[in-house]
Amino acid sequence: MRETPRVVVTRSRRAETTGAREFSFTEGQVRLAGLDEKIQAYRQKSWEIFKATPLPTPKEEAWRRTDLKNLNPELFRLPAKDAYLDLPDIPAMLLQPLAGETHGGQVVLSPGGSKVVLDPGIAAKGVIFTDLLTAEREHPGLVGQMMGRVVHPEDGKFAALAGAFAQNGVVLYVPRGVTLDQPLHSLLWGPGANLAHPSHILVWLDEGASATYVHEYASPSEDENTLHAGIVELYVGAGASLRFVELQSWGEKVWNFTHERAEVDRDGNLDWIFGAIGSHLTKNFSELNLVGQGAVGRMSGFYFTEHDQHLDHDTQQNHFAPHTTSDLLFKGALAHESRSVWQGMIYVAPGAQKTDGYQANRNLVLSRKARADSIPGLEILADDVRCTHGATVGKIDQDQVFYLRSRGIPVKDAERIIVEGFFDPIMQRIPFEGVRGRFQQAIEEKMIAFAAEDD
């Protein structure tokens, strides 16, 4: 592994220190004993930043449209070892392959436990795909080099929380020149009233490597609140290629906070796909750093909110090298009183000539009380670039409804067909039938439920 640039662009400003509420986690819960010195240093630093940083407020630019006043942080606790034995089981459908007929490997993360399966042929190539605790024990030097290189504790309160307290996580390392034909899959299952589920995903593809990896967050519907704070660190080496799919189907009482960042080196390629259909509130920071000449990154996002859900996606496409390309398309539908926020920024550094950057956010509002905020942005410090952006918020086209009704299609079915057509450009960007099927099923179920309540 070699060092890569770590310039971070942010639109937030320093938080004001107040007497705000605080989590009840203690320094004694930070795992340090028996770990590599670099891991210990990272965790200790994360704890110190976590303790010193107050909860974010709407006074900060990045949090202006997401208020945590109803979050009661003092109620959350970390799961005990083997806590999953007394909690709801994982539904079998969540363990099925989504990116092929079979898994090349699967990591299942539950509160206080994990299960790992990896094809022997893949392991023989030097690939590491395992849970975080096992990786810390069996590959301490590797984890010590990966951890905190892409996402940093200073990135925010919840990044520091996950860095200090992550009990569950996944480590994927693909050696130089290794191509994985079978997709890898992991699932973080997060049941349990008032439990906190900090997680840490580490992915590193060496030069010329190639892999497909699907990770899903899920939980049942609970009567009490649950918390997830997660970190995702992706590194795509020179000439490497990663297809990374994230599915978020948290239960309706989950507070979900994630800091995710990818670095793509020279001539590397990242196809990053997001799908969000769950949680009570989500604040997601997703950042694409193109740090090597010729690097390419594509970000495709899908979300469908209902009831009082609040989803806030903050994306950045940072071009730090010349001849780099980024392409972002996020599409969402909103029902009932739900709200979505998308804040996007394309940044082009000085000297990053021949940059090609694109971002678009499209929203379909299905009810009068739903709201979508869409805020694109550009910051360009080079003079030979092509950067474009766009954002739309609209309702179902009644002319389209009339056209379908004139052909004998009931109004509710007509609206469902229009919504499915609205999402089709995102579905076409997803190369996996299983993932498309999961999204299409979610659209159908939400539209049926919405139509039933609207009758």
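The values are calculated or read from the model by the stated rules, or taken from the named source; none is laboratory data. As the structure is a prediction and not an experimental result, all values here were calculated from the model. Heads up, the Cβs are rebuilt from the backbone with ideal geometry, glycines too, and the neighbour counts pull from every protein chain shown. Surface areas here come from the heavy atoms of the whole protein model, side chains and all, with no ligands, DNA or RNA. Shrake-Rupley method; radii C 1.70, N 1.55, O 1.52, S 1.80 Å.
Just a few scattered comments:
- Test: residue in region 224-237 that is assigned to a loop (DSSP other than H, G, I, E, B) and within 30 Å of residue 181 (Cβ to Cβ): yes
- Of residues in region 247-271 being within 27 Å of residue 46 (Cβ to Cβ) and charged (D, E, K, R), the one farthest from the chain's Cα centre (by Cα): 265
- Restricting region 168-210 to residues that are polar (S, T, N, Q) and on the phi < 0 side of the Ramachandran plot, the residue that is surrounded by the fewest Cβ atoms within 10 Å (Cβ to Cβ): 179
- Qualifying residue in region 274-296 (condition: open to solvent by 10 Å² or more (accessible area, probe 1.4 Å), modelled with pLDDT under 95 and in a loop (DSSP other than H, G, I, E, B)): yes
- One residue stands out in region 29-43 among those that are within 10 Å of residue 165 (Cα to Cα) and outside any loop (DSSP other than H, G, I, E, B): the one that is least open to solvent (accessible area, probe 1.4 Å), namely 43.
- Scope region 353-389; condition over 22 Å from the mean Cα position of the chain (by Cα) and either among the small types (Gly, Ala, Ser) or exposed (fewer than 14 other Cβ atoms within 10 Å of the Cβ) (or both); matching residues: 367, 368, 369, 370, 381, 382, 383, 384, 386, 388
- Residues of region 249-270 that are open to solvent by less than 20 Å² (accessible area, probe 1.4 Å) and outside any loop (DSSP other than H, G, I, E, B): 254, 255, 256, 257, 258, 259, 260, 261, 262, 263, 264, 270.
- Candidate set from region 65-107 (those that are outside any loop (DSSP other than H, G, I, E, B) and among the small types (Gly, Ala, Ser)); member that is farthest from residue 162 (Cα to Cα): 92
- Scan of region 297-309 for residues that are under 19 Å from residue 372 (Cα atoms) and either charged (D, E, K, R) or crowded, with 22+ Cβ neighbours inside 10 Å (or both), ordered by number: 301, 302, 303, 304, 305, 306, 308, 309
- Residue that is least open to solvent (accessible area, probe 1.4 Å) [pool: residues in region 44-64 that are farther than 17 Å from residue 372 by Cα, in a loop (DSSP other than H, G, I, E, B) and of a type in the set (D, E, K, R)]: 60
- Criterion applied to 87, 98 was being surrounded by fewer than 22 Cβ atoms within 10 Å (Cβ to Cβ), at pLDDT below 95 and closer than 30 Å to residue 427 by Cβ, and the one residue passing it is 98.
- Filtered residue count, region 390-410, keeping only those that are outside any loop (DSSP other than H, G, I, E, B) and either surrounded by 16 or more Cβ atoms within 10 Å (Cβ to Cβ) or polar (S, T, N, Q) (or both): 7
- Of everything in region 13-28 that is open to solvent by 60 Å² or more (accessible area, probe 1.4 Å), assigned to a loop (DSSP other than H, G, I, E, B) and among the charged types (D, E, K, R), the residue that is modelled with the highest pLDDT is 21.
- When every residue of region 431-443 is checked against the conditions, at least one turns out to be in contact (Cβ under 8 Å) with a residue 40 or more places away in the chain and part of a loop (DSSP other than H, G, I, E, B).
- Some residue of region 215-223 being open to solvent by less than 10 Å² (accessible area, probe 1.4 Å) and either over 25 Å from residue 156 (Cα atoms) or more than 17 Å from the chain's Cα centre (by Cα) (or both): no
- When each of 129, 165 is tested for being in contact with a Lys or Arg (Cβ under 9 Å, 6 or more places away or on another chain) and buried (at least 19 other Cβ atoms within 10 Å of the Cβ), the lone residue that passes is 165.
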